[in-house]
1. How large is ³J(HN,Hα) for each residue in region 104-114, as worked out from phi by the Karplus curve 6.51 cos²θ - 1.76 cosθ + 1.60 (θ = phi - 60°), to whole Hz, x for Gly and Pro?
2. Quick one: Karplus J couplings for region 136-147, per residue in order, coefficients 6.51, -1.76, 1.60, θ = phi - 60°, nearest Hz, x for Gly and Pro?
3. Going by average Cβ neighbours within 10 Å, how do the peptides 90-98, 37-45 rank, with the highest at the top?
4. How large are Rg and Dmax for the chain when calculated on the C-alpha trace, in angstrom?
5. Looking at region 33-117, which trypsin sites (Lys or Arg not before Pro) are in a loop (DSSP not H, G, I, E or B) and have at most 14 other Cβ atoms within 10 Å?
6. Expected output is a single nm value to one decimal: the length gained when fully extending between Ser14 and Ala307, i.e. 0.36 nm times separation in residues minus the C-alpha distance. What is it?
7. Using a 1.4 angstrom probe, figure out how much accessible area the chain has per residue, in square angstrom, rounded to the nearest whole.
8. Using a 1.4 Å probe on the protein heavy atoms, what percent of the accessible area of region 124-193 belongs to carbon and sulfur?
Amino acid sequence: MKTTPSCYGAVKISTPIQIDGLAAETAWDLAAWTDEFVDIEGAVQPAPKYSTKVKMLWDEAYLYVYARMEEPHVWGRLTQRDTIIYHDNDFEVFIKPFEQQSFYYEIEVNPLNTILDLMMPKPYRFGGDALMHWDVKGLKSAIHVEGTLNNPDDTDQYWSVEMAIPFSALSTYSSKATPNINDYWRINFSRVQWQHDVSEGIYTRKTANGKLLPEDNWVWSAIGVVNMHYPERWGFVKFVEEAEVVGLPKAHAAEKMAWNIFYLQQLYKQEHKRFADNIEELEEGRHLLTKDADDLRCEIFINSYKAGYVLEVKDLENHFTVILDNFGHYRINYE
């Protein structure tokens, strides 16, 4: 976790938003654009070929998202809900409302406004499996195409997505997801972009030697690997009453240190067949930990076989402890 997550302040509104893909309401003028999307791996890869940016707003019932994607050829084929939408060019929303829980939500949409929505109990790398039967009940979404959809004979300008994501659909049996002023949620956005061919007026994904060419993955907050399912590396949305410059949440430095130790422990185990007792053994990346160590204290509690551990990173200034184990289970204890 070398890069700083992106942050955004979503302004609370009291006027209605019509979900039509246009974002023409005056309320949208209150929302700043995010920074331009970057490659999912970050600055080590070239900047995306086409511009992508997002706005967010909220009220008591919904998180509103508006995305605009520069695109000279707007096309889509998939029309069945919950099919694998990223086999078309698509726009994706990833939301993790609950800090102490591992689960999160994903919504994908293509230029035909076909939706895939799912809940992840935990990331795939920790044994999670996508719950495809889950739906964002009450979701409103709309597409606008500045140009013509599925017409290769002209040049389009962009396609846009407007969504109203109901907080009620993101709730669990015991917790409600409706945010309060100054709450932070983990969030990220992804744009999947395929190279294409045209045959008899029909768009298809481009192939070479009988194989599909790889897609581009452009995101708001860089992950560092080609995998969106690292929620600890997503950006943050802060729910604010009025527009403000938003910084990282107070827990970020301790979280960052804990996850970096987690990654280094994985590398250490690959080489030594056991976990390290303390961070001094994690030589390969200890310089990263030292940079983050001001006002933080780390302790590793390891079992007798050194096959499992619990890590605690204490923030002495802000009086909380980040707890993370070798399975990726995570929580924060506040004093």
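1. Computed from phi, the couplings for region 104-114 are 8, 10, 9, 10, 10, 8, 10, x, 8, 6, 8 Hz.
2. 7, 5, x, 4, 10, 8, 8, 10, 10, 10, 8, x
3. Details: 90-98: 21.9, 37-45: 16.6.
Per-residue Cβ counts within 10 Å, averaged per peptide and sorted highest first, yield 90-98, 37-45.
4. Expressed in Å, the Cα Rg and Dmax of the chain come to 21.2, 68.
5. Lys49, Arg81
6. Full extension from Ser14 to Ala307 adds 100.2 nm.
7. Working: 16360 Å² over 335 residues.
Using a 1.4 Å probe on heavy atoms only, each residue of the chain averages 49 Å².
8. 46
The values are calculated or read from the model by the stated rules, or taken from the named source; none is laboratory data. Just so it is clear, the model here is predicted, and its values are computed rather than measured. Virtual Cβ from ideal backbone geometry, glycine too; neighbours counted across all protein chains shown. Just the protein is used for accessible areas: all its heavy atoms, side chains included, with ligands, DNA and RNA removed. Shrake-Rupley method; radii C 1.70, N 1.55, O 1.52, S 1.80 Å.
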